[in-house]
Amino acid sequence: MTTKTKPNIIRLLMNARADIQPVKKSGTNPHYKSKYATLEGVIEAVTEPLSKHGFLLIHRSTQNEHGMTITTELLHESGEGFATAIPLVLGKNDMQGLGSAITYARRYGIMSLLNLPAEDDDGNQASRGAAPKVISSGDAPQPKTVHASNTSW
């Protein structure tokens, strides 16, 4: 008799994550004259590496105490998985506003669940700029201690 052990899903996710290339900023925001990673670009960057390691990425709409959300789920063929819920915040209360909010939530859900940075367009420019300002310890904000009795968990 053989026993089937569950795969180490964390190790598999680490391997899949190592195969994911930085997401290219292929979209342009005309209002801010900036580039951003599109939902299509994010999905394209993650689908093959995730599939190679037995993962499937899905989205579903859910509702919690804060309102409507898009839940991004990363399911593994072993039956285990991870999920994150991103609230839907509508800029306009119509179908276009809803579609835009869903697109944002899906993109942010994938990127946060997999801890994905977008390709850094400004990284090379910043590295050629002025030296970073050094903050003396007197200028730095002092940390505050938070006690458990002062928080509501």
Pick from segment 2-16, criterion surrounded by fewer than 16 Cβ atoms within 10 Å (Cβ to Cβ) and at pLDDT 85 or above, ranking: farthest from Ile110 (Cα to Cα)
Asn8
Subset of segment 75-94 (residues that are open to solvent by 40 Å² or more (accessible area, probe 1.4 Å), of a type in the set (A, V, I, L, M) and either in contact with a Pro (Cβ under 8 Å, 6 or more places away or on another chain) or closer than 22 Å to Leu113 by Cβ (or both))
Leu75, Ala83, Ala85, Val89
Return the residues of segment 19-66 that are exposed (fewer than 12 other Cβ atoms within 10 Å of the Cβ), in a loop (DSSP other than H, G, I, E, B) and in contact with a strand residue (DSSP E or B) (Cβ under 9 Å, 6 or more places away or on another chain); say none if nothing qualifies.
His66
Give me the pairs, please: first residue somewhere in segment 27-51 and touching a residue at least 24 places away in the same chain (Cβ under 8 Å) and of a type outside the set (Phe, Trp, Tyr), second residue anywhere and in a strand (DSSP E or B) and open to solvent by 50 Å² or more (accessible area, probe 1.4 Å), beta-carbon distance under 6 Å, and either six or more positions apart or on two chains.
Lys35/Thr28
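Per-residue answers, yes or no, for (1) of a type in the set (Asp, Glu); (2) in contact with a His (Cβ under 8 Å, 6 or more places away or on another chain); (3) closer than 20 Å to Leu98 by Cβ:
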{"position": "Asn15", "(1), (2), (3)": "no, yes, no"}
{"position": "Val23", "(1), (2), (3)": "no, no, no"}
{"position": "Ser34", "(1), (2), (3)": "no, no, no"}
{"position": "Val42", "(1), (2), (3)": "no, no, yes"}
{"position": "Glu48", "(1), (2), (3)": "yes, no, no"}
{"position": "Lys52", "(1), (2), (3)": "no, no, no"}
{"position": "Glu80", "(1), (2), (3)": "yes, no, no"}
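To keep it simple, each residue is scored yes or no on (1) out of contact with any Gly (no Cβ under 7 Å at 6 or more places or on another chain); (2) small (Gly, Ala, Ser); (3) without any contact (Cβ under 8 Å) to a residue 24 or more places away in the chain.
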| residue | (1), (2), (3) |
| --- | --- |
| Pro7 | yes, no, no |
| Lys25 | yes, no, no |
| Leu57 | yes, no, no |
| Leu74 | no, no, no |
| Val89 | yes, no, yes |
Just give me the residues in segment 95-120 being over 25 Å from Met14 (Cβ atoms) and open to solvent by less than 70 Å² (accessible area, probe 1.4 Å), in sequence order.
Gly97, Leu98, Gly99, Ser100, Ala101, Ile102, Thr103, Ala105
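The values are calculated or read from the model by the stated rules, or taken from the named source; none is laboratory data. A quick note: this is a predicted structure, and the numbers were derived from the prediction, not measured. Note that we place each Cβ from the backbone using ideal geometry, even for glycine, and neighbour counts take in every protein chain shown. The accessibility values were calculated without ligands, DNA or RNA, using every heavy atom of the protein model including side chains. Shrake-Rupley method; radii C 1.70, N 1.55, O 1.52, S 1.80 Å.
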